[in-house]
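The next block holds one structure in the form of structure tokens; read it before the comments.
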Amino acid sequence: MAATEVDSKVKTKLLSMWNNVKYGWTVKMKTNFSKESPVWLLGQCYLKKSEYPLERASEALEPVGTGSQVSLAMDATNFENTIEEFKRDFMSRLWLTYRREFPILNGSTFTTDCGWGCMLRSGQMMLAQALVCHFLGREWRWRPEQSTDESSHRMIIKWFGDQPTPESPFSIHKLVLLSASTGKRAGDWYGPSSVAHLLCQAMERASEDPNSKLNQVAVYVAQDCAVYMQDVENACCTPDGRRKALILLVPLRLGADKLNPVYAPCLTSLLTLDTCIGVIGGRPRHSLYFIGYQDDKLIHLDPHYCQETVDVEGNEKFPLTSFHCTSPRKMLLSKMDPSCCVGFYFPDKESLTDFMETIQQDKIKKRFLFRIFVIPNQNMDYPMFLFCEGSGKDLQQGIEVVEGLLPSSSRFGHESVEDDLFECEEFELLH
């Protein structure tokens, strides 16, 4: 083995060790959960019934949840869930972290993403959650002692394997390669918006294979805080008449330098929806994957633990334990960076339609969710994003026509007509 290769491995090992010390992964940390308030995890509510009267719980949960989620919150049987069941649910989410000693990344000398790839890993986890919902179901739980659904479980993990092969279309190698067209490369920082678009591109590439199970799913990324329904329809419909499941990713900017408090209840409300697959964001220069909350703290999966690469291609029975986290962590909601991306999964058109109808109901408007969505012709303050009829391309063409009709002296200076129409802040990259 060449001396330079040995030096590189030693350097990577030391970087990994320091990283794990820095982020507290060398000491076993216990996260405490209050017995006096509900714990939410991606649309599921967990509560110790003996410590929390149903009447008080109902009052506490009233502002959050929509449709089936409201019914869930008011259902007495829901309060029989225990914290242990919460931990089982948490542990079943796929945990994709920094890895070391994987094949060299395209156009670089990197064999690890330690120190720079946390947003890519957070995005991988959110996409993985959508695929778990699609192929295994939201109620699926990983039980190491059982082999039920093991093949589908391994199939999904393999798609995110750290290898530059077609069998891993969402690997960090593939995402870094796709990012080259935007001027990004291995070692650069990535923001939630750019990662959302990379995941969309990666899914489009993977779906080109007619034999791939991934052609059952489409990814759509909202444009400037707007979801264009015709574009969603086009993404989900195939030439042969089939309809794909939808993964909706919405990059957001929820404040200037810090999170605007008006959005705090909106974010926690999102995490009570069974259609929500989480939020990627975190705090400045530190990306996290948020999947739940209790009180004023967000529950998250942290990608900053650096682990050895697992060979998911050469070993059919590769170990699964490093892809699941047993230690929930929490962060104050107020410390969250305003740049983030929220994700949703809709298995069919009916679920999307139900979702759209639910958020327009009067009983929902009175709750915190009224600040999350805006439907055309509704006058609401502080919307997170909008649902719009038509296509984003049609709107852009209309803007170009308007600009062409305006005399040069009447143009908007350095601002575009689109900026004037939407007044959406430019997304700031979160590192």
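Here are the numbers for the structure shown:
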{"item": "Residue check for LEU72: at pLDDT 75 or above and on the phi < 0 side of the Ramachandran plot", "result": "no"}
{"item": "Index of the failed condition, ASP149 passing every other in (1) at positive phi; (2) without any contact (Cβ under 8 Å) to a residue 12 or more places away in the chain", "result": "(2)"}
{"item": "The range 275-295, residues that are among the acidic types (Asp, Glu) and surrounded by 22 or more Cβ atoms within 10 Å (Cβ to Cβ)", "result": "none"}
{"item": "Residue list for the range 213-241, filter: under 18 Å from PRO347 (Cα atoms), without any contact (Cβ under 8 Å) to a residue 24 or more places away in the chain and not in a helix (DSSP H, G or I)", "result": "CYS237, THR238, GLY241"}
{"item": "Test: residue in the range 129-142 that is under 21 Å from TRP18 (Cα atoms) and either of a type in the set (Val, Ile, Thr) or buried (at least 22 other Cβ atoms within 10 Å of the Cβ) (or both)", "result": "no"}
{"item": "Criterion: touching a Ser or Thr at 6+ places or on another chain (Cβ under 6 Å) and in contact (Cβ under 8 Å) with a residue 40 or more places away in the chain - qualifying residue of ILE299, ILE280, ILE291", "result": "ILE280"}
{"item": "Neighbours by Cβ (under 9 Å, 6+ apart or cross-chain): first from the range 84-96, in contact (Cβ under 8 Å) with a residue 40 or more places away in the chain; second among the charged types (D, E, K, R)", "result": "ARG88/ARG141; ARG88/ARG143; ASP89/ARG141; MET91/ARG141; SER92/ARG141; SER92/ARG143; TRP95/ASP302; LEU96/ARG121"}
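Each row is one residue, and each column tells you yes or no for (1) charged (D, E, K, R); (2) more than 17 Å from ALA130 (Cα to Cα); (3) at pLDDT 95 or above.
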site	(1), (2), (3)
CYS266	no, yes, no
GLY282	no, yes, no
ARG285	yes, yes, no
LYS297	yes, yes, yes
PRO303	no, yes, yes
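The values are calculated or read from the model by the stated rules, or taken from the named source; none is laboratory data. As the structure is a computational prediction, the values presented were derived from the model and not from experiment. Note: ideal-geometry Cβ built from the backbone for every residue, glycine included; neighbour counts use all protein chains shown.
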